[in-house]
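Data first, discussion second: the structure below is written as structure tokens.
The values are calculated or read from the model by the stated rules, or taken from the named source; none is laboratory data. Given the structure is predicted, the values throughout are model-derived calculations rather than measurements. Cβ placement follows ideal geometry from the backbone for every residue including glycine, while neighbour counts extend to all protein chains displayed. Surface accessibility is based on the protein's heavy atoms, side chains included, excluding ligands, DNA and RNA. Shrake-Rupley method; radii C 1.70, N 1.55, O 1.52, S 1.80 Å.
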Amino acid sequence: QVQLVESGGGLVQAGGSLRLSCAASGIIFSLAAMGWYRQAPGNQRELVATIAEGGSTNYADSVKGRFTISRGNAKNTVYLQMNSLKPEDTAVYYCKGSSHLNDYWGQGTQVTVSS
């Protein structure tokens, strides 16, 4: 079955950086569109960044210029480099994979940004 496992979350001070990783298995990774989403308590899950099969990327306006999504197809891994973190970035970050018209979600990793 498909599994997406996030890692790299933690506690960081405002202005700091974190890199999230999502390791995929059970999926033809190079043919899958991937993305990062986040959800704070009481809020809906929102898109952070996506990267298509061909490598094109999209970002939420709130993270443009600060976050970078990338993928390493040979490692079946998608990354989210987060720089200049702000307290409002605090959320559980989820990895999403889309393939064969199906969506798959990881369990999430907590990112907490202190002031």
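Just for region 4-56: of the residues that are polar (S, T, N, Q) and not in a loop (DSSP other than H, G, I, E, B), which one is modelled with the lowest pLDDT? It comes out as Ser30.
Of the conditions (1) open to solvent by 20 Å² or more (accessible area, probe 1.4 Å); (2) within 10 Å of the chain's Cα centre (by Cα); (3) under 15 Å from Thr109 (Cβ atoms); (4) among the small types (Gly, Ala, Ser), Gly9 clears all except one; give me its number. Looking at each condition in turn, Gly9 falls short on (2). Enumerate the pairs (first residue in region 4-19 and within 14 Å of Arg38 (Cα to Cα); second residue anywhere and open to solvent by 60 Å² or more (accessible area, probe 1.4 Å) and in a loop (DSSP other than H, G, I, E, B)) with beta-carbon separation below 9 Å, excluding pairs fewer than 6 apart on the same chain, so at least 6 apart or on different chains. The qualifying pairs are Glu6/Gln107.
Between Arg45, Arg38, which is in contact (Cβ under 8 Å) with a residue 24 or more places away in the chain and farther than 15 Å from Leu18 by Cα?
On the way: Arg38 fails: farther than 15 Å from Leu18 by Cα.
The match here is Arg45.
Applying the set (1) free of Cβ contacts under 8 Å to residues at least 60 places away in the same chain; (2) under 21 Å from Gly72 (Cα atoms); (3) open to solvent by less than 30 Å² (accessible area, probe 1.4 Å); (4) not charged (D, E, K, R) to Ser25 leaves exactly one unmet item: (3). Of everything listed in (1) open to solvent by 30 Å² or more (accessible area, probe 1.4 Å); (2) under 14 Å from the mean Cα position of the chain (by Cα); (3) more than 16 Å from Val113 (Cβ to Cβ), the single unmet condition for Gln39 is (3).
List the strands (runs of 3 or more DSSP E) inside region 57-107, counting only whole elements, that have at least 2 residues being in contact (Cβ under 8 Å) with a residue 60 or more places away in the chain, of a type in the set (Phe, Trp, Tyr) and touching a strand residue (DSSP E or B) at 6+ places or on another chain (Cβ under 9 Å). I'd like the intermediate steps shown before the answer.
On the way: elements: 57-59, 67-72, 77-82, 91-99, 102-105.
Fully inside region 57-107 and qualifying: 91-99, 102-105.
Given the criteria open to solvent by 70 Å² or more (accessible area, probe 1.4 Å), basic (Lys, Arg), at pLDDT below 95 and on the phi < 0 side of the Ramachandran plot, does Lys64 qualify? Quick ask: steps written out before the conclusion?
On the way: open to solvent by 70 Å² or more (accessible area, probe 1.4 Å): yes; basic (Lys, Arg): yes; at pLDDT below 95: no; on the phi < 0 side of the Ramachandran plot: yes.
Judged against the criteria, Lys64 is not a match.
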